[in-house]
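Input: a single structure, listed below in structure tokens.
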Amino acid sequence: MLVGLGNPGLKYERTRHNVGFRAIDLLCSQRGCRADRLRLKALTGFCELGGQKVLLVKPMTYMNLSGQAVRPLADYYKIPPEHILVIFDDVSLPVGKLRVRPDGSAGGHNGAKSLIAELGTQDFPRIRIGVGEKPHPDYDLADWVLSSFSAQEEKQLAPVLERAVEAAAAVIEDGVRQAMNRFNGN
């Protein structure tokens, strides 16, 4: 299962919080597949990636309830957490960077918190896409992640979304450790 986190609705489409959705959309565009079937609180579809048939998931529950869409799908398709690869935004990484991780805490990310709570574990792989730190300490974090990227940031984001799709394929085909070696640090 490949899950891209975000918020549903046109209002949130180009926000920092929706880079997970955008990675799924890019994958669909590249591979000629779709994630547009509403099933168990998520838009879903299937695509071949990394030599495997992969369930694509875009939760329609809003970010902080993402686990309520992912867990029922994982239960239905009998997919264990270690086979649920999640793509989401990270404010601790600059725009244009990504990190592949085999597991970890939520790190303050409400979508990851929801997944951990619903799945009962933090042991699922993830690809974190940098969306940049908030401009100053007093800036509200929710306002920051629900803001749009600047034109310059959009230019930096385009190649990292492509790398996120490549990293997802690498995780599925070669495993998390190999993908970390290949994609972390560049």
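Distance between the pseudo-spin-label points of residue 182 and residue 82 (7 Å out from Cα toward the beta carbon): 2.0 nm.
Add +1 for every Lys or Arg and -1 for every Asp or Glu among the other residues with Cβ under 9 Å from the Cβ of residue 180, and state the total.
Working: positive: 99, 101, 177, 182; negative: none.
Computed value for this residue: +4.
Hey, in the chain, which Cys have no second cysteine's beta-carbon closer than 4.7 Å? Result for the chain is 28, no neighbouring Cys Cβ within the cutoff. Normalised by the number of residues in the chain, the average gap of Cα pairs under 8 Å and 6 or more apart makes the relative contact order 26 percent. The calculated 222 nm mean residue ellipticity attributable to helices in the chain amounts to -12000 deg cm²/dmol, summing -39500 (n - 2.57) over DSSP H runs of n ≥ 4 and dividing by all residues. Taking only protein heavy atoms and a 1.4 Å probe, the accessible area of segment 28-146 is 48% carbon and sulfur. Take residue 109: with every protein chain present and a 1.4 Å probe, its accessible area is about 20 Å².
Calculate how many DSSP beta bridges within the chain are antiparallel, expressed in % of all such bridges and rounded to the nearest 5.
On the way: 16 of 26 bridges.
Here the share of antiparallel DSSP bridges comes out near 60 percent.
Take the cross-link list 78/155; 78/134; 11/155 and give me the ones stretching past 32 Å between alpha-carbons. The pairs that break the limit, which is 32 Å between Cα atoms, are 78/155; 78/134. Each DSSP beta bridge with both residues in segment 70-151 is either parallel or antiparallel, and the antiparallel ones are about 45%.
Tell me the per residue accessible area of the chain using a 1.4 Å probe; a whole number in Å² is fine. Write down the numbers at each step before the final one.
Working: 8860 Å² over 186 residues.
I get 48 Å² per residue for the chain.
Spacing of the modelled spin labels on residue 173 and residue 37, each 7 Å from Cα toward Cβ, amounts to 2.5 nm.
With Cβ to Cβ distances under 12 Å as the rule, what net charge do the other residues near residue 8 carry (K, R +1; D, E -1)? Mind showing how you got there, number by number?
Numbers: positive: 11, 41, 58; negative: 13.
Spelling it out: positives minus negatives among the neighbours equals +2.
Rolling a 1.4 Å probe over the protein chains gives residue 95 an accessible area of about 20 Å². Please work out whether the chain counts as rounded, prolate or oblate from its C-alpha gyration tensor, where a ≥ b ≥ c are the square roots of the eigenvalues and a/c under 1.5 means rounded, while otherwise a/b larger than b/c means prolate and anything else oblate? Cα axes put the chain in the rounded bin. Taking a sphere under 9 Å around the Cβ of residue 132 and counting the other residues whose Cβ falls inside, with K and R at +1 and D and E at -1, yields a net charge of 0. A full extension of the chain between residue 46 and residue 103 corresponds to an added length of 18.1 nm, given 0.36 nm per residue minus the alpha carbon distance.
The values are calculated or read from the model by the stated rules, or taken from the named source; none is laboratory data. This one's a predicted model, so the numbers in the text were calculated from it and none came from an experiment. A quick note on method: Cβ atoms are made from the backbone with ideal geometry, for glycine too, and the neighbour counts reach across all protein chains shown. To get the accessible areas, we keep the full protein, side chains included, count just its heavy atoms, and leave off ligands, DNA and RNA. Shrake-Rupley method; radii C 1.70, N 1.55, O 1.52, S 1.80 Å.
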